[in-house]
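In what follows, a structure is listed as structure tokens, so that the remarks can point back to it.
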Amino acid sequence: MQTALVIVDMLNDFVDGALGNPPSKEIVGPIASLAERSRTSDDWVVVYANDAHHLSDVEFRVFPPHAMAGTPGAAVVSELRPGPEDIVINKRFYSAFTDTELQSTLRVHDVGRLVLVGQHTDCCVRHTSYDAFVRDYELVVCPDATTVLEPGADEPLASRQERALEYLHTYYGARRESSTTVG
Ligand code: ZN
């Protein structure tokens, strides 16, 4: 049984572009280290779950246009560029499972556990977690390598992040583990 490190939406538009998020810069380093470690482990695969939107996508009812397919804004930030063995999944909805090849890809690699990092803890990470849960995957989330969206929110970042992590644990059984120790 393999583990998939799933790196969600660490794209230019989500770091300093259309949906720029200052706290996301702080999780780049931890994600890079964990990805490097995963690539050297026989029983881990690295999966990128990347927004690649079309103008007609439903998300644009509630978010401004971002990560349009094929544009620089939809590219993974340079510090986290996918390696040759990594798997890249393009998505058009919050969940990396919706209308993508993620599930069949995980099956090919005999994946039984997902370790989730990236953003946002309460949106794309959360919806991907729901779909993973109902498909019977074991879930781990790294608090030091995930973040919620900071701009525009009245409530402090830390309490929203804590509530998002608690939700993942309560409803999907996601265990919290530091990106430096998860094995
Ligand atoms: Zn999106």
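The values are calculated or read from the model by the stated rules, or taken from the named source; none is laboratory data. If you're wondering where the values come from, they're calculated on a predicted model, not measured in any experiment. Don't worry about glycine lacking a Cβ; one is built from the backbone with ideal geometry, like all the others, and counts go over all protein chains shown. Accessible surface areas use protein heavy atoms only, side chains included; no ligands, DNA or RNA. Shrake-Rupley method; radii C 1.70, N 1.55, O 1.52, S 1.80 Å.
With respect to the conditions (1) more than 15 Å from Leu19 (Cβ to Cβ); (2) within 11 Å of the ligand (Cβ to nearest atom); (3) of a type outside the set (Val, Ile, Thr); (4) in contact (Cβ under 8 Å) with a residue 60 or more places away in the chain, Leu114 lacks only one, and its number is (2).
All of Tyr167, Tyr94, Tyr171 fail the test of being aromatic (Phe, Trp, Tyr) and within 16 Å of the ligand (Cβ to nearest atom), apart from Tyr94. The listed residues are Thr121, Thr147, and the only one of them that is within 20 Å of Phe97 (Cβ to Cβ), modelled with pLDDT of 95 or more and polar (S, T, N, Q) turns out to be Thr121. Entry remark, region 30-53: residues being closer than 18 Å to Gln119 by Cβ and open to solvent by 40 Å² or more (accessible area, probe 1.4 Å) number 1 in total. Return yes or no: is Asp57 in contact with a helix residue (DSSP H, G or I) (Cβ under 8 Å, 6 or more places away or on another chain) and closer than 16 Å to Lys91 by Cβ? Against the criterion (in contact with a helix residue (DSSP H, G or I) (Cβ under 8 Å, 6 or more places away or on another chain) and closer than 16 Å to Lys91 by Cβ), Asp57 does not qualify. Determine if region 17-29 includes at least one residue that is open to solvent by 50 Å² or more (accessible area, probe 1.4 Å), in contact with a helix residue (DSSP H, G or I) (Cβ under 8 Å, 6 or more places away or on another chain) and within 16 Å of the ligand (Cβ to nearest atom). There is at least one residue in region 17-29 that is open to solvent by 50 Å² or more (accessible area, probe 1.4 Å), in contact with a helix residue (DSSP H, G or I) (Cβ under 8 Å, 6 or more places away or on another chain) and within 16 Å of the ligand (Cβ to nearest atom). Across region 69-82, which residue is nearest to the chain's Cα centre (by Cα) among those that are under 11 Å from Asn12 (Cβ atoms) and within 15 Å of the ligand (Cβ to nearest atom)? Ranking the qualifying residues of region 69-82, first place goes to Val76.
In the set (1) in contact with a strand residue (DSSP E or B) (Cβ under 8 Å, 6 or more places away or on another chain); (2) outside any strand (DSSP E or B); (3) more than 16 Å from the ligand (Cβ to nearest atom), the condition left unmet by Ser33 is number (1).
Conditions (1) among the charged types (D, E, K, R); (2) within 16 Å of the ligand (Cβ to nearest atom); (3) touching a residue at least 12 places away in the same chain (Cβ under 8 Å), marked per residue:
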position: Asp99; (1), (2), (3): yes, yes, no
position: Val125; (1), (2), (3): no, yes, yes
position: Leu149; (1), (2), (3): no, yes, yes
position: Glu162; (1), (2), (3): yes, no, no
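Scanning region 153-183 for residues that are open to solvent by less than 30 Å² (accessible area, probe 1.4 Å) and of a type outside the set (Val, Ile, Thr) gives Gln161, Ala164, Leu165, Leu168, Tyr172, Ala174, Ser179. Counting only strands (runs of 3 or more DSSP E) that sit wholly inside region 54-152, those with at least 3 residues that are open to solvent by less than 50 Å² (accessible area, probe 1.4 Å) and β-branched (Val, Ile, Thr) are 111-119, 138-147.
Restricting attention to region 41-53, the residues being assigned to a loop (DSSP other than H, G, I, E, B) and more than 11 Å from the ligand (Cβ to nearest atom) number 3.
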